[in-house]
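Colleague: The structure that follows is given in the form of structure tokens.
The values are calculated or read from the model by the stated rules, or taken from the named source; none is laboratory data. All figures in this text were calculated on a predicted structure; none of them were measured in a lab. Backbone-built Cβ (ideal geometry, glycine too); neighbour counts: all protein chains shown.
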Amino acid sequence: MVGMILFAITGITLNHAGAIESEPVTVTREAAMPAPLLADLRAAPSGLPAPAPRRWLEGELDISLAGRTPEWNDAELYIALPRAGGDGWVSVDLASGAVLYEDTGRGPIAYLNDLHKGRDTGPAWSWFIDLFAGACIIFCVTGFLLLQLHARKRPSTWPIVGAGVLIPLFLIIFLMH
């Protein structure tokens, strides 16, 4: 029940996202990677950064790089850090060792909206919302079966069910453009 209420509320907030004001908060940090770690980073293959530079970045910036795939070019290492309700990134200049980190939080409504869509939430949440959607389908199908069972005693059942089909169909066909 709580899941369905949250899903409905975030559906409304998504539908009216332009009317809900939010002030993003951006935090920027700069640092300089120590020369020995920068040498390790330059020597690493174009996969994940070597363990020591990675640990230094995580400790220095208070971030987790687990499961993140960096992008490399001749001048820079760039790691995107998207998350529900915000975004972030870190870059390391491979020549100077200059580290630039930026994190933007878009607030609690954006966080809930991203949960609703499963954006940047990870595989566990993705599985949860898929299982929850399956449970909602089962709930609706069994509700339909109960309607069918009790429809003889309630003559308004099928006109109301029909309206529930026809009204959205009418809106989609004739009023959406």
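Colleague: What are the residues in region 10-19 that are loosely packed, with under 14 Cβ neighbours inside 10 Å and under 16 Å from TYR111 (Cβ atoms), if any?
Modeller: Step one: list which residues in region 10-19 are loosely packed, with under 14 Cβ neighbours inside 10 Å, which gives 11-12, 15-19.
Listed by number, the residues that qualify are GLY11, ILE12, ALA17.
Colleague: Further question: Confirm whether ALA110 is surrounded by 11 or more Cβ atoms within 10 Å (Cβ to Cβ), without any contact (Cβ under 8 Å) to a residue 12 or more places away in the chain and outside any loop (DSSP other than H, G, I, E, B).
Modeller: Values: surrounded by 11 or more Cβ atoms within 10 Å (Cβ to Cβ): yes; without any contact (Cβ under 8 Å) to a residue 12 or more places away in the chain: no; outside any loop (DSSP other than H, G, I, E, B): yes.
In short, no.
Colleague: Could you say whether any residue in region 59-73 is modelled with pLDDT under 90 and over 24 Å from the mean Cα position of the chain (by Cα)?
Modeller: yes
Colleague: Considering only region 25-36, I want to know if a residue exists there that is touching an Asp or Glu at 6+ places or on another chain (Cβ under 7 Å) and of a type in the set (D, E, K, R).
Modeller: Of region 25-36, the ones touching an Asp or Glu at 6+ places or on another chain (Cβ under 7 Å) are 26-28, 31.
Still in the running and of a type in the set (D, E, K, R): none.
So far as region 25-36 goes, no, none of its residues is touching an Asp or Glu at 6+ places or on another chain (Cβ under 7 Å) and of a type in the set (D, E, K, R).
Colleague: Another question, then. Could you tell me whether region 31-51 includes any residue that is surrounded by fewer than 12 Cβ atoms within 10 Å (Cβ to Cβ), more than 25 Å from GLY122 (Cβ to Cβ) and at pLDDT below 90? Step through it out loud before you land on a result.
Modeller: Step one: filter region 31-51 for residues surrounded by fewer than 12 Cβ atoms within 10 Å (Cβ to Cβ), giving 35-36, 43, 45-47, 51.
Then drop every residue that is not more than 25 Å from GLY122 (Cβ to Cβ), which leaves 35-36, 43, 45.
When the remaining residues are screened for being at pLDDT below 90, the result is 43, 45.
Yes, because at least one residue in region 31-51 is surrounded by fewer than 12 Cβ atoms within 10 Å (Cβ to Cβ), more than 25 Å from GLY122 (Cβ to Cβ) and at pLDDT below 90.
Colleague: Right, another one. So which residues in region 151-170 are in contact with a helix residue (DSSP H, G or I) (Cβ under 7 Å, 6 or more places away or on another chain) and not polar (S, T, N, Q)? Lay out the reasoning, then the answer.
Modeller: Kept after step one, since they are in contact with a helix residue (DSSP H, G or I) (Cβ under 7 Å, 6 or more places away or on another chain), are these residues of region 151-170: 151, 157-158, 161.
Correct list: ALA151, TRP158, VAL161.
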